[in-house]
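Only the coordinates and a few stated rules stand behind these numbers; no lab work does. As the structure is a computational prediction, the values presented were derived from the model and not from experiment. Cβ atoms come from the backbone with ideal geometry, glycine included; neighbour counts cover every protein chain shown.
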Amino acid sequence: MRLPLVSIVIPAFNRASTIDAALRSVQAQTCRDWEAIVVDDGSVDGTADAVRRLALEDPRITLRRHDQNLGAQAARNTGIRSARAQWVAFLDSDDRWLPRSLDLRIAAALESRANVVHSAGYRIGEDGNQVQHHIDPVDGWIYVDLLRAPAPMFQGLLVARRALERIGGLDERIVAMQEWDTAIRLARHYAFRFVAQPTFIWNCRGLDTITRDRRRDAAGYEQVVRKHFFSMLRHAGWHTVARHYEIIGVRYERAGCRFAAGRCFLLSSALRPLHVRRAARLFLRLVRR
């Protein structure tokens with residue numbers, strides 16, 4: 001059997017209301033040479049049935065299932081292991097691709113011989129308006145750039161399957177900012193190519209999106225910084241690590257986690273000795289609320 005050019009991995013948990021639109025956007029691609037692997041991560045609604053109905057119409061769509069909810073990273077890893085193509089692309093089950101999404105990224109990969117491509121995209125906010133989402137247009141050997149700040153999103157990533165195999169798949173322990181960790185690990189070995197034309201639409205309206213869970217968002221950010229702490233310190237400098245902990249502290253503060261916020265502000269200031277007094281005052285203000 002002839003192998004597809006691209007394997008599309010779509011993790012899904014209780015997405016019966018959105019998975020159809022996500023898959024229809026895949027079917028609308030100008031690139032037709034793909035397989036879509038939907039991994040139902042223990043859904044208790046009609047997600048699996050919705051995928052089966054579309055798979056009856058289109059044999060390029062297949063369904064894999066987890067007996068219990070293991071998380072999006074585990075679902076993506078299941079999809080990667082099932083992939084048959086030389087390229088792997090990711091789409092979340094409540095998001096959509098624009099029609100030329102695959103063609104644009106594959107063309108960029110072939111032209112530059114890059115093993116990883118990422119792209120710009122749009123975001124739909126709570127008000128329903130669609131705007132371009134800011135993604136740093138980092139290109140080339142961007143390992144240090146990614147230690148300094150997140151960039152790619154899963155919806156815009158196209159990765160050679162051998163590259164994903166080389167890094168041992170995705171880290172299932174990371175609870176948020178998962179594409180940041182994945183991109184850092186890939187960038188140690190491979191150059192990236194950026195596609196400036198938007199290729200996806202990120203839906204931020206869902207009540208269970210990661211951006212709505214502020215504590216989890218902060219915890220995931222901290223996990224990534226802890227995991228790559230010494231690389232960040234060595235290659236990007238103490239000021240980068242200090243800034244990361246300041247950002248994490250702000251995110252914990254917004255989530256109402258005052259002690260965690262104060263801890264991160266103190267860590268940030270420990271890397272900036274001149275700011276210790278300011279951090280101590282901020283910590284006391286937080287814990288006295």
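Within the range 89-133, which residues have the backbone N less than 19 Å from the label spot 7 Å out from residue 204 along Cα→beta-carbon, could you tell me? Inside the label zone: 92-98, 119-133. The simple Förster model, with R0 at 30 Å and r as the Cβ-Cβ distance, assigns residue 45 and residue 215 a FRET efficiency of 0.75. Placing unit charges on each Cβ (+1 for Lys and Arg, -1 for Asp and Glu) gives the chain a dipole about its Cα centre, and among 235, 21, 66 the Cα reaching farthest toward its positive end belongs to 235. Once the chain from residue 136 to residue 191 is taken as fully extended at 0.36 nm per residue, the excess over their C-alpha distance is 18.3 nm. For the chain, the extents of the C-alpha atoms along the principal axes are 65, 42, 35 Å, listed from largest to smallest. About its Cα centre, the chain has a charge dipole of approximately 1320 debye under the convention of +1 per Lys or Arg Cβ and -1 per Asp or Glu Cβ, with nothing else charged.
Neighbour counts of C-beta atoms inside 10 Å place 127, 41, 213, 49 in the sequence 127, 49, 213, 41, starting with the fewest. Orientation-averaged projection of the range 93-234 equals 8.6 nm² [convex hull of Cα atoms, one quarter of hull surface area]. Distance from the Cα centroid of the range 185-206 to that of the range 1-77 is 20 Å (rounded to whole angstrom). Ordering 23-30, 51-58 by mean Cβ neighbour count within 10 Å, with the highest value first, yields 23-30, 51-58.
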